[in-house]
Every structure is written in C-alpha cells, then in structure tokens.
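Here the structure is laid out as structure tokens; the discussion comes afterwards.
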Amino acid sequence: VQLQASGGGLVQAGGSLRLSCAASGSDISIFVMSWYRQAPGKQREFVAAISSASTTSYLDSVKGRFIISRDNAKNMVYLQMSSLKPEDTAVYYCRKSRAGMDYWGKGTLVTVSS
C-alpha cells in the first residue's frame, strides 16, 4: 500500500479536522503530495498540493481555511481543515506524484453537518 489516508469523520459546521496521509514505498521528499476530494454525485476535484520545495496551492474555496503540510522524515502529509462547511463533505484522497509516477490512496470520509 503506497498511501493511507486517515482522520476523517463527522464534524459540525465551523469545526476542524486534520487529515493524515501515511506514505510508503519511497521517500516522499521528491514527490508532489496532494489532496483531492469527491462529493456524492460529483467528480473528483483538486483540494491542495505541496511540492517537493514545500510550495503550496489550494482550491479557491478552501483558501484561508485549509493548510497542507508535509513531514518528509515521517513520510507523512497532512491537511488541516478549519471552518468546515457542509459543502466540504466528501471522500478525501491523498495523491503522490512526479514525472512518470502517480499513486492514489483509499479515501477517508469527511462529513460536515449543518
């Protein structure tokens, strides 16, 4: 198993969750690590990414609320989610990628109640 996401759950609107992604198979420091999500009945969408140089990018609707980070020593990636909204409800997936290589983990479900 290359990637294992965890930390999802049920939270009220306005609450916070931290998702974790444990990576195996190779040193993540050379990979772009990212989070995607898929809401019921919708296509999977990009949420956040962090490059090997720790440059970050975000979906506009999560900017200022979500923070992606990485710990290369632990082969871990995190997504700190705050001020959660019902529209953030989705299965969240971790992705590890670089030229010629692309790995996805099983998702973790985040449900935000109103």
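The values are calculated or read from the model by the stated rules, or taken from the named source; none is laboratory data. Owing to the predicted nature of the structure, the values given are computational and were not obtained by experimental measurement. All Cβ positions, glycine included, derive from the backbone under ideal geometry; neighbour counts span all protein chains shown. Ligands, DNA and RNA are stripped out before the accessible areas are found, and what is left, the full protein with its side chains, is counted by its heavy atoms. Shrake-Rupley method; radii C 1.70, N 1.55, O 1.52, S 1.80 Å.
How high is the relative contact order of the chain, in percent, counting Cα pairs under 8 Å that sit 6 or more residues apart?
37 percent
Ignoring ligands, DNA and RNA, what accessible area per residue does the chain give at 1.4 Å, in Å²?
Normalised by residue count, the accessible surface of the chain is 51 Å².
Sum up the charges of everything whose Cβ sits under 13 Å from the Cβ of Val112, counting Lys and Arg as +1 and Asp and Glu as -1, but leave Val112 out.
+1
Run the accessible area of the chain with a 1.4 Å probe and give the carbon-and-sulfur part as a rounded percent.
Solvent-exposed carbon and sulfur of the chain make up 51 percent of the total.
Enter the mean projected area of the convex hull around the alpha-carbon atoms of the chain, in nm², rounded to one decimal.
Seen from a random direction, the Cα hull of the chain projects 6.7 nm² on average.
Just to be sure I understand: with springs between alpha-carbon atoms less than 10 Å apart, which residue in Ala73, Ala49, Ala99 has the highest mean-square fluctuation in the Gaussian network model of the chain?
Ala99
Suppose every Lys and Arg Cβ carries +1 and every Asp and Glu Cβ carries -1, with no other charges. What dipole size does the chain come out with about its Cα centre, to the nearest 20 debye?
Dipole magnitude for the chain comes out near 40 debye.
Return the sequence-ordered ³J(HN,Hα) values of region 100-106 in whole Hz as given by the Karplus equation 6.51 cos²θ - 1.76 cosθ + 1.60 applied to θ = phi - 60°, using x for Gly and Pro.
x, 9, 8, 10, 10, x, 6
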